[in-house]
Amino acid sequence: MMNYIWIAIIFFSVITSVFNGTANELSKGIITSGNTAVDLCFSLLGTFCLWNGLMNIAEKSGLSKTCSKLFTPILCRLFKGLNKNSEAILPICLNITSNLLGLSNTATPIGIEAIKKLSKENIGKSTPSNNMVLFVVMNSAALRLIPTTVATIRANHESTNPLEILTPSIITSICALIVGITMTKILERFFKHE
Amino acid sequence: MSNISAYILPIFILIIIGFGVYKKIDVFGTFIDGAKKGFDVFLSILPSLTALFLAVQMLKSSQGIEIITKILTPVADLLKIPAETLPMCILSPISGGGSLSVYESIIGEYGPDSYIGRVASVMMGSTETTFYAIAVYYGAVGIKKIRHTAICSLCADFTSFILAGIIVRLFFYK
């Protein structure tokens, strides 16, 4: 899937740049794209270390297990077949909380911890488990209670009420999230987990 | 509300470290041991992000977005998605920074309290960068075949784009 999308975008870009006469811009874009990836990764490196460290404390102290016992009954409704003592529960909860509060720079490193733990229960498979797919879909349709970035930009452009879009945004995200989760549950039967 | 956001990180950290102290483990040493693995995460997601950014950057700099916009305008009209927001919709699953700068220019041009400004705001506030999430999370665990992930995520994005206009009309213009 990613393979085809990637190839399609690259071929499409080269062909359009020939017709648009944007070969120079395209070359520049290709050269800078690698640096953009490295810059972004570097800017996240500190938070990766931070959350790896904190999660290590949570595991060694047993906080992870305590959290699993607490939240398994709720999360098991969504994440079917999740191990009761799964170490993934704590990072999943923290990831959901940070997403809700719009802390995307925190949600990502914690989410990586969560998917690593989920993948521990997926050993010997080359495709993601149903739970891993669900987790990524939930993150890409992230529900935010406060769209901070949007509100800031609106305020900068002298909106009379920057936060007036809050309720419509939440309603829209909830619907999108429901569609995402439902589609995941329906389609998981048709895509083999191998 | 924004106060809760400011307190949540300190609270997370306080709980995690507090529990470690309560269980009498070597909190500092354990943190250092774990933090070492941060670099592994860095190394594992860099390849997939490089691939993603190459495709995104090529699409943007070849002005391919403009062509896709032209092709999709009739579809957007049919679904009552304002054509002005279309470039943002196309960019938003692949590039967070890209769609944000289009969003800013929409707000600058039409004003934050206009119909288009409001629809764009709701779209921006209710979507995340789908392919970035896929690249980062699956990159971190080394998965290349992603089953139905992209389809489901894109369906969720698509729902946001269609609903944004409908809900803004219901909310502000009825």
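Observations
- Residue of B:Asp26, B:Asp77, B:Asp40 that the Gaussian network model of chain B assigns the largest fluctuation, springs spanning Cα pairs under 10 Å: B:Asp26
- Residue-wise HN-Hα couplings along the stretch A:167-180, as the Karplus relation 6.51 cos²θ - 1.76 cosθ + 1.60 with θ = phi - 60° gives them from phi, are 4, x, 5, 5, 4, 4, 5, 4, 4, 4, 4, 4, 4, x Hz; Gly and Pro carry x.
- Karplus-based coupling profile of the stretch A:37-48, in residue order and whole Hz: 4, 5, 4, 5, 4, 5, 5, 9, 4, x, 5, 4, with θ = phi - 60° in 6.51 cos²θ - 1.76 cosθ + 1.60 and x standing for Gly or Pro.
- Shielding value for A:85-98 is 1, the average number of Cβ atoms from other chains within 10 Å of each residue's Cβ.
- Put B:Tyr173, B:Tyr22 in order of accessible area, highest first, and with a 1.4 Å probe you get B:Tyr22, B:Tyr173.
- Loss of accessible area when A meets B, both sides summed, Å² nearest 100, probe 1.4 Å: 8500
- In chain B, inverting the average of 1/r over every pair of distinct C-alpha atoms gives 19.1 Å as the Kirkwood radius.
- Among B:His148, A:His157, the sequence by solvent-accessible area, most first, with a 1.4 Å probe is A:His157, B:His148.
- Mean per-residue shielding of peptide B:85-94 is 0, counting Cβ atoms of other chains within 10 Å of each Cβ.
- Pairwise alpha-carbon distances in the stretch A:23-98 exceed 19 Å for 54% of all pairs.
- Per residue accessible area in Å² of the protein assembly as shown, where ligands, DNA and RNA are left out and the probe is 1.4 Å: 46
- Length-normalised contact order for chain B - Cα pairs under 8 Å, 6+ apart - percent: 22
- By the rule of a C-alpha distance below 17 Å, with chain neighbours fewer than 8 residues away ignored, the aspartates and glutamates paired with A:Lys84 are A:Glu59, A:Glu121.
- Surface composition of the stretch B:39-172: carbon plus sulfur atoms contribute 68% of the solvent-accessible area (1.4 Å probe, protein chains only, all chains present).
- Here the alpha carbons of the protein assembly as shown define both size measures, Rg and Dmax, at 20.8, 67 Å.
- Flagged links, alpha-carbon separation over 26 Å, of A:Lys69/A:Lys185; A:Lys60/A:Lys192; A:Lys80/B:Lys37: A:Lys60/A:Lys192; A:Lys80/B:Lys37
- With respect to chain A, whose longest principal axis is taken over its alpha-carbon atoms, helix A:89-100 is tilted by about 40°.
- Principal-axis analysis of the Cα atoms of chain A puts helix A:130-140 at an angle of about 50° to the longest axis.
- Loop-located trypsin sites (Lys or Arg not before Pro) across the stretch B:21-60 with a Cβ neighbour count of 16 or fewer within 10 Å are B:Lys23, B:Lys24, B:Lys36, with loop assigned by DSSP.
- Residue mean of other protein chain beta carbons inside 10 Å, A:26-34: 5
- Only Cα pairs under 8 Å and 6+ residues apart enter the sum, and on that basis the relative contact order of chain A stands at 16 percent.
- Chain A: calculated mean residue ellipticity at 222 nm from DSSP helix runs of at least 4, using -39500 (n - 2.57): -25000 deg cm²/dmol
- Cα gyration tensor category, rounded, prolate or oblate, for chain A with a/c compared to 1.5: prolate
- Accessible-area order (highest first, 1.4 angstrom probe) of the listed residues A:Phe191, B:Phe28: B:Phe28, A:Phe191
- Scattering curve values for the stretch B:1-86, log₁₀ I(q)/I(0), Debye with Cα scatterers, q = 0.21 Å⁻¹: -1.00
- To the nearest ten degrees, helix B:2-22 and the longest principal axis of the Cα atoms of chain B are 20 degrees apart.
- Remark: the stretch B:111-122, residue by residue, has Karplus-estimated 3J(HN,Hα) of x, x, 9, 7, 4, 4, x, 5, 4, 4, 5, 5 Hz, where x stands for each Gly or Pro and the curve is 6.51 cos²θ - 1.76 cosθ + 1.60 at θ = phi - 60°.
The values are calculated or read from the model by the stated rules, or taken from the named source; none is laboratory data. Because the structure is a prediction, the values reported are computed rather than measured. Don't worry about glycine lacking a Cβ; one is built from the backbone with ideal geometry, like all the others, and counts go over all protein chains shown. Just so you know, the surface numbers come from the protein's heavy atoms only, side chains and all, with ligands and any DNA or RNA stripped out. Shrake-Rupley method; radii C 1.70, N 1.55, O 1.52, S 1.80 Å.
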